[in-house]
Amino acid sequence: MNQIIFKRILVLFIFIPLGMLAIENKKVIQLLTDLNESREDSIKFEILMNISEVYLSTEPNKAIHYCQLAREKALKIGFWKYKVDANILSSELYKILNLMDSSAIFADRAIQFCDTNNLKYTGRAYYQKGRVLRNMNDIEPAMKMYEKSIRYLKPLGETEYLGNAYNSKAIVFNMMAQNDSAIHYYIESHKIFTLLGDSTGIAKALLNTGNIYSDLKENKKAMEFYQEAYRFVKKEDLRIRAFVLNSIGLIYGRINENDSALNYYDRAIDIYRKMGILEEAGFYLYLNKAYVYESLQQYDKSMETYQKALSIGNHTKNVNFIFKAKFNIAFLYANRYNNIDTALKIYESILQLARDYKMTDNELEAYTNLYQTYAGIGDYKSAYNYQTKYITLFDSIYNLRKTEAINELEIKYNIEKKQASILALKNETLEKDILIKKKNAERNLTLSTSIAIIIILLLLFLISRQKVKKEKELKEKEIARLKLETKALAAKALVDGQEEERKRIAIELHDGLGVLLSTVKMQFTNFIDKNPKSSELLQKATGILDMASLDVRRISHNMMPGILTKLGLVEAIEDLFDEINVSENINAELLVNGWADRLPENVEIMIYRIIQEMVNNTLKHAEANQISLVLNLQPNILHIQYSDNGKGFEPKDKEGKQTLGLQSIKSRVQFIGGEMAVESGPGKGTTFILHLPV
């Protein structure tokens, strides 16, 4: 049977404690001794507040007693700061005991007693009211309170109070499912607490960040934050320790490690029992523990634990607790014990309770469970009866809200109608004044019209003049742009022409003069073979021819490497680096990523020239023994990183100088629309970083 129940939602409750003081029993005894010996009311007030804060984390009921005495003392003294402190602490204590109405009353009193010129106290009071409203699920009012609190606290700098306010604001964003904003404020809170060395604050921020990941069902991430939070919890911070244990238990329950879940729930329950607040604060622990027992099919233990949760609801008179516990108990009777009669009686009691408290959502929920339960046992008449009541109530709620909206509009209409009537009376009174003023207006009309015409003509003249000026500026900009484009095209044509001429000369040197020198060498070799007596002189001549051939080949290669035009850029650079590794005392390394097809020939030539110039600079000036070149080709862009381990230089010293090598590299990079950065320093080598469009 499908039931709509509350038990399927595991509840992660969040706690933002005030600073809890770890004071042993002997310290409490000493404080009580000081209280009896003191004669000044202000000192007695401070002692009473200290005692209350000691018991806050361990025995809240005792804390309330001493806090009440402190409030009475503050009223007697009449100092507003004492009144604010006592009422904030009272609000916190009643909040711990889930007595939210009382907590809200004391928070309001704290705000009323504040001197708004005092940023710290006013910020703290609004912060406490926000926490109370949040626990009452009044989300928007809570957010407004936190924002007011932050406005007062922020000018004071990074304080514990501001960290708590950021943390609480993050909790509200989390409740509103605005996780990005929540994480942002948790991070801000964590920064402040870390700066202050506040381990309790750090634990709170980590705990609540874990709650976000728990809501997102990222169990592993949530567990990491919970365990880290537990590491920061102080030994005396019993309440926050219980919250962390409960949160870890929830994660274990979610991943079906039920024994671990029960262990952590029991540890949290033991803490509440030692604090003496299990009957006030243990509701959700029992509810979650009962759910684990139910998933283990240990229904008797589950029922017993749900009954404990119900007992807490009755003890605290928290109607929401009672509803949640009873819905789960009824579900257990109906679906696990098959005890339909008992389940129906509980649903009927829920229905009556919902009517008494006029909680229509729970009344609808009760009707749903009743008609589904009756339908499940085949009593369709009763099922139909409760379904009809559900529909009737649902429609009445809709009609009520509709009527309220209509009434609101009608009230607004009547207000506007009344205002219109008042305006009509005013208009009647004004008509006489208008008639009197009409003649004066007519008399001034001519003058005003003349002035207006003059102003309009003047404006038209100014607008026309501005328009002409703007059009002239646009034309000048267009002419300048065309000149730049023409200059760029001319430069491109010049560079392309130079490269073509280099290519032509290189081919002629290689295929013409190179071949001719090789032929002459062959002739000399033949002549030596036929005339051995002249061999020494001829061999010297042959050596000179070899040197001439090598020079021709080198010049041809520098002007336009044949491998560049035939096989492409990468192979040409590899050939260049091979020559360096053979002929120089330098180790040159090349790393290529993302290379597939060749680039356009003119682009490859330009990039090769840039790399060739960087290599020449290293060979001539750097005194390096290591060169590294990384080519990383991505869509539409080539990233180049060239570096050597030479003596380096100071880039700023080169900025104003016309160093040919750097200027050549820079002009070529600019020519193809790229970007270049140079990183160097004396003794640090040199690195060129280029981003070139391809």
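Observations on the structure shown:
- Label point distance in nm, N632-L474, each placed 7 Å from Cα along Cα→Cβ: 4.3 nm
- Charged neighbours of I192, selected by a Cβ distance under 10 Å, balance to -3 (K, R count +1; D, E count -1).
- Applying 0.36 nm per residue to the separation of T116 and N593 and subtracting their alpha-carbon distance, the gain on full extension is 165.3 nm.
- Heavy-atom accessible surface of the stretch 108-236: percent carbon and sulfur, 1.4 Å: 49 percent
- The stretch 571-593 and the stretch 167-245: distance between their alpha carbon centers, rounded to Å: 55 Å
- For the stretch 40-192, the Cβ-based charge dipole about the Cα centre amounts to some 220 debye (Lys, Arg positive; Asp, Glu negative; other atoms uncharged).
- The modelled label-to-label distance between M136 and S464, using points 7 Å beyond Cα along the C-beta direction, is 7.0 nm.
- Per residue accessible area in Å² of the stretch 20-114, where ligands, DNA and RNA are left out and the probe is 1.4 Å: 47 Å²
- Rounded FRET efficiency, nearest 0.05, which uses the C-beta distance separating R336 from Y357 and R0 of 41 Å: 0.90
- Entries in K95/K235; K129/K317; K191/K217; K95/K129 that, when Cα-Cα distance is taken, lie over 19 Å: K95/K235; K129/K317; K191/K217
- Averaged per residue, the stretch 146-289 has 41 square angstrom of accessible surface, using a 1.4 angstrom probe with ligands and nucleic acids left out.
- Projecting label points 7 angstrom from Cα along Cα→Cβ for K154 and S396 puts them 4.8 nm apart.
- The residues of the stretch 576-658 expose on average 56 square angstrom of accessible surface per residue, using a 1.4 Å probe on protein heavy atoms.
- Considering only L638, V592, A572, and ranking their Cα positions along the charge dipole of the stretch 569-676 that arises from unit charges at the beta-carbon of Lys, Arg, Asp and Glu, the one farthest toward the positive end is L638.
- Three-way shape label, the stretch 282-357, alpha-carbon gyration tensor, a/c 1.5: oblate
- Charge tally in the Cβ shell below 12 Å around Q112, where Lys, Arg are +1 and Asp, Glu are -1, Q112 excluded: +1
- Spin-label proximity, K234 to the stretch 176-208 - amide N less than 20 Å from point 7 Å beyond Cα toward beta carbon: 189-208
- Ranked by the mean number of other Cβ atoms within 10 Å per residue, highest first, peptides 252-261, 26-35 order as 252-261, 26-35.
- Ordering of 276-286, 448-458, 36-46 by packing [mean C-beta count within 10 Å, highest first]: 276-286, 36-46, 448-458
- Here the stretch 296-388 exposes an accessible surface that is 45 percent carbon and sulfur, computed with a 1.4 Å probe and the other protein chains kept in place.
- Cα shape, the stretch 580-677, gyration tensor, a/c 1.5 rule: oblate
- Charge tally in the Cβ shell below 13 Å around L238, where Lys, Arg are +1 and Asp, Glu are -1, L238 excluded: +3
- Sorting 587-600, 237-250 by their mean Cβ neighbour count within 10 Å, with the most densely packed peptide first, gives 237-250, 587-600.
The values are calculated or read from the model by the stated rules, or taken from the named source; none is laboratory data. Remember, predicted model here, so these are calculated numbers, not experimental data. Neighbour counts run over all protein chains shown; Cβ positions are idealised from the backbone, glycine included. Heavy atoms of the whole protein, side chains included, go into the accessibility calculation; ligands, DNA and RNA do not. Shrake-Rupley method; radii C 1.70, N 1.55, O 1.52, S 1.80 Å.
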